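Taking it in order: structure first as structure tokens, then the write-up.
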Amino acid sequence: MAFILQASRQISEMAAGAFHIKAQIQAIETAIEQSPAFVFDLSKSLIDTICKTILEDRGIKLPGKPDSPELLRETLKALKLHHDDVDQTEKTYDSLKKTANGLQTTVAGICELRNTHGLIGHGQDGYAPSLESIQAQFVASAADTIVHILYRSHRGYGGNGVSKRIFYQDYEKENTSIDESYDDDALTEFVKQFRPSDVLFKMDKDAYRAAVEDIKNGETV
């Protein structure tokens, strides 16, 4: 049975157009059986990508080149994974802190495995023993859970930050109003502003590539 990152695939659908997230998910699923050692590198990378995406969405710039634990720490701080109207007793605070620390401990473990057993990592003896698929699945599943928690929380509510990035699919009602504001004549004039080749290139690169090859081979599009 193929290994599927179910939770991460949900995130990929929510983050429509985020190519790097989709590519990393697919790479992890493929590597589980074909190259388990690569899963450690890819799992760390996926978590880093989600954290950077969330921070970028919220307009938060971190100085230098933060490592994975710092990225997660700043992401958790930005998300504020509880609502202000919840009774913040000392016990509640400690419980939330322990949960967040659990995520950070997991990420630290993934980073260590990546450094010692990853295919890229810091490199190792060519004859060093490798971990097996089951360990790779364990790490991938942990990363799957972490990115799902982070991104769903990010898109689910504002926390103490305001999203700076706008998402087309979040404004269906407004999109419909904009579409309906153009009658046939206005729409024709609007479309004339764009080159069909440029639109095709940006919307569907595979179709654009196929069209280019057809023209180079003397065929009509």
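The values are calculated or read from the model by the stated rules, or taken from the named source; none is laboratory data. Every value quoted in this text rests on a predicted model; they were computed, and no experiment measured them. Don't worry about glycine lacking a Cβ; one is built from the backbone with ideal geometry, like all the others, and counts go over all protein chains shown. Quick note on the areas: whole protein, heavy atoms, side chains included, nothing else; ligands and nucleic acids left out. Shrake-Rupley method; radii C 1.70, N 1.55, O 1.52, S 1.80 Å.
What is the one condition in (1) of a type outside the set (Phe, Trp, Tyr); (2) more than 28 Å from Thr116 (Cα to Cα); (3) in a helix (DSSP H, G or I); (4) touching a Phe, Trp or Tyr at 6+ places or on another chain (Cβ under 8 Å) that Ser12 does not satisfy?
Looking at each condition in turn, Ser12 falls short on (4).
Taking segment 1-53 only, how many residues are among the acidic types (Asp, Glu), under 12 Å from the mean Cα position of the chain (by Cα) and open to solvent by 30 Å² or more (accessible area, probe 1.4 Å)?
1
Which residue, of Gly123, Gly159, is at pLDDT below 80, surrounded by 14 or more Cβ atoms within 10 Å (Cβ to Cβ) and not aliphatic (A, V, I, L, M)?
Matching residue, one of Gly123, Gly159: Gly159.
Can you name the residue in segment 54-65 that is open to solvent by less than 20 Å² (accessible area, probe 1.4 Å) and of a type in the set (A, V, I, L, M) and is also farthest from Ile134 (Cα to Cα) among such residues?
Looking at residues that are open to solvent by less than 20 Å² (accessible area, probe 1.4 Å) and of a type in the set (A, V, I, L, M), I get Leu55.
Could you please find all residues in segment 1-36 being among the hydroxyl-bearing types (Ser, Thr, Tyr) and either over 14 Å from Tyr151 (Cα atoms) or in contact with a strand residue (DSSP E or B) (Cβ under 7 Å, 6 or more places away or on another chain) (or both)?
Thr30, Ser35, listed by residue number.
Under 9 Å between Cβ atoms, which residue pairs at least 6 apart in sequence (or on different chains) link something in segment 202-216 that is within 16 Å of Phe19 (Cβ to Cβ) and in a helix (DSSP H, G or I) with a partner that is open to solvent by 70 Å² or more (accessible area, probe 1.4 Å) and among the aliphatic types (A, V, I, L, M)?
none
List the residue pairs whose Cβ atoms are under 9 Å apart, where the first residue sits in segment 89-108 and is among the hydroxyl-bearing types (Ser, Thr, Tyr), the second is open to solvent by 60 Å² or more (accessible area, probe 1.4 Å) and modelled with pLDDT of 90 or more, and the two are 6 or more positions apart or on different chains.
Close Cβ pairs (under 9 Å, with a partner that is open to solvent by 60 Å² or more (accessible area, probe 1.4 Å) and modelled with pLDDT of 90 or more) amount to Thr106/Thr145.
Does Cys51 fit the bill of being touching a Pro at 6+ places or on another chain (Cβ under 8 Å), among the hydrophobic types (A, V, I, L, M, F, W, C) and modelled with pLDDT of 85 or more?
So Cys51 does not fit the description; no.
Please count how many residues of segment 169-186 are open to solvent by 80 Å² or more (accessible area, probe 1.4 Å) and more than 29 Å from Met14 (Cα to Cα).
Adding up the residues that qualify gives 3.
How do the pairs read when you match residues in segment 24-40 that are β-branched (Val, Ile, Thr) and at pLDDT 90 or above with residues anywhere that are crowded, with 21+ Cβ neighbours inside 10 Å and part of a loop (DSSP other than H, G, I, E, B), using Cβ under 7 Å and keeping only pairs 6 or more apart or on different chains?
Pairs that qualify, where the first residue is β-branched (Val, Ile, Thr) and at pLDDT 90 or above and the partner is crowded, with 21+ Cβ neighbours inside 10 Å and part of a loop (DSSP other than H, G, I, E, B), are Ile25/Leu5; Ile28/Leu5.
Touching a Cys at 6+ places or on another chain (Cβ under 6 Å) and part of a helix (DSSP H, G or I), is that true of Leu71?
When the stated conditions are applied, Leu71 passes them.
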